[in-house]
Amino acid sequence: MQKIFKDTNLETLFHFGCKTLETSKDYDQAIKIFAKCVTKDQVNPSFWAQLGLSYMLNRDMSMADECLTTSLHLDPLNIDTNLRIALFLYENGNIQKSINYFNKCLDLDSNNIWALRNLAFIRLQQNFLDKNNLEFFEKVRDKSNNLNKKNIPLVDLNKEHLKNSLNKKLFIINEDGFGDDIMFLRYVSILKFHGFKITLSVHKKIINLLKTCRCFDDIEVNSKFSNESILENDFKTNLISLPYILSEKINFIPNPLPINLKKNKIVLKKNLLKLINPKKYNIGLSWRGNPKHQRDKIRSIPVESFDKIFKKFKNFNFFVIQKNLNSEEVNFLSNFPNVINCDDYLDDFSETAMLVSKMKQIISVDTVLAHISGSLGIPTNLLLPKIPDWRWGFSGSRTHWYPSILILRQNSIDCWDNVLKNLSSNLSKVS
């Protein structure tokens, strides 16, 4: 690292900063690197733009604003600058101004994929069921994943193939996180209705959970497939392409996955079962998602923010349902006898679902737990930032994706006070 900092080659230093920002998500380190770039060349708009982006991702919005304003002043037509300003405006809730800047980027470069993709996300966030929005999203979105990188020589499924689908073999490729698998696999039943014989590639940790759904009984579900078995299919498609492909057949969001934990007799570890007191009001809790997610600082809440909740509702038991707690989190939670850390007891999402099924309700930020509880129909308080992931829209306390979810949204950027206040009020109604 010291060698990189001493390197007088600014291009090397700049690219190292970009890699740090993209791969390690070490925003503090990225800020130091780009600040060094700016010190050595104060009139390079790209250096200022990347420094501004780093500050934004680190949630120092004031410094981000200063850097991006400087970059724009240096070169109003720099496309990287305009892209980052558009993102900055979006993250601050200035949606229409954000759209204007993304469109300005397209004026500069009509094929700029980042402007197109961000506009597609915004359109879905505004109205997911609009067919034109789904079509636009399908045209420009990133479909790359480990399987797609192999360039599987199968025909891509499209709407026309639905007319002659009886007994046709279809290979479906999952794409993003566990939550996306749970959210979008609900569309598979509609494909089965059209007569497709389906093979499904998903994350290994979710397979046992899917086996509890009868709709997957006649579907081959696995995390790895040989090239030979893949090529036995007639078509391939990405999982998140299904809403668009089926948009001519349905104009609604299908019901959540029909998880039936009794089907495969899922059981919890005995030591965890002993901790569940059926006479208590048991609540499952998750306050953060994957720390490697680019928007993790936006969607996650410091566990210390729940201090008043734990103390006020001493008669409730809070079950921590997330993995890989750090030492600071563990030490903090040890102060509350009504908080149970389940980290060591959950190895598979079917076990997570079984534990969720024994809860009276769930409290979760935007992570896989909310998708599991929503699929099970467990009352769920979903805690969202002011500008959440596109799947949850820009407003409203309810979502078509999961009827049992109640959404609590921030009133202002990066401030969870009103969310936690509303959560406390909701818990008071059942205490």
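The values are calculated or read from the model by the stated rules, or taken from the named source; none is laboratory data. Because the structure is a prediction, the values reported are computed rather than measured. Cβ: placed from backbone, ideal geometry, glycine included. Neighbour counts: every protein chain shown. Protein only, heavy atoms only, side chains kept; ligands, DNA and RNA dropped before computing areas. Shrake-Rupley method; radii C 1.70, N 1.55, O 1.52, S 1.80 Å.
Tabulated data for the structure shown
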item: Cβ-based net charge around Tyr244, under 10 Å, with every Lys or Arg adding one and every Asp or Glu removing one; result: +1
item: The stretch 33-112 - charge dipole about Cα centre, Lys and Arg +1 at Cβ, Asp and Glu -1, debye rounded to 20; result: 120
item: Partner lysines for Lys36 [C-alpha distance under 23 Å; skip if fewer than 8 residues away on the same chain]; result: Lys3, Lys6, Lys19, Lys25
item: Cα pair distances in the stretch 310-395, grouped into 10 Å bins until the bin that holds the longest one, percent each; result: 15, 44, 34, 6
item: Segments 368-379, 239-250 sorted - mean Cβ within 10 Å per residue, highest first; result: 368-379, 239-250
item: 222 nm mean residue ellipticity, helices alone, for the chain (DSSP H n ≥ 4; -39,500 (n - 2.57); rounded to 500); result: -12000 deg cm²/dmol
item: Net charge of neighbours whose Cβ lies under 10 Å from the Cβ of Ser223, counting Lys and Arg as +1 and Asp and Glu as -1; result: +3
item: Volume per residue of the C-alpha convex hull in the stretch 179-336, rounded to whole Å³; result: 189
item: Scaled radius of gyration (Cα, divided by 2.2 N^0.38 Å) that the chain gives; result: 1.06
item: Listed residues Leu157, Ile340, Phe394: farthest to the positive end of the dipole of the chain (Cβ charges); result: Ile340
item: Set Lys360/Lys421; Lys297/Lys421; Lys265/Lys308; Lys297/Lys429; Lys308/Lys386; Lys139/Lys205 screened for pairs whose C-alpha atoms are more than 27 Å apart; result: Lys265/Lys308; Lys297/Lys429; Lys139/Lys205
item: Nearby lysines by direct alpha-carbon distance to Lys274 (threshold 16 angstrom, same-chain neighbours under 8 apart not counted); result: Lys358
item: Cα-derived Rg over Rh, computed across the stretch 10-149 with Rh taken as Kirkwood radius; result: 1.00
item: About the Cα centre, charge dipole magnitude for the chain (Lys/Arg +1, Asp/Glu -1 at Cβ), debye; result: 1780
item: Net +/- balance of residues flanking Ala30 in space, Cβ distance below 14 Å, scoring K and R +1, D and E -1; result: +3
item: Apportionment of accessible area to carbon and sulfur, the chain, percent (1.4 Å); result: 49
item: Where the chain is the region considered: accessible area per residue in Å², 1.4 Å probe; result: 48
item: Selection from Ile190, Asn290, Asn326 lying farthest towards where the dipole of the chain points positive, charges on Cβ; result: Ile190
item: Compactness of the stretch 215-300 as Cα Rg over 2.2 N^0.38 Å, two decimals; result: 1.66
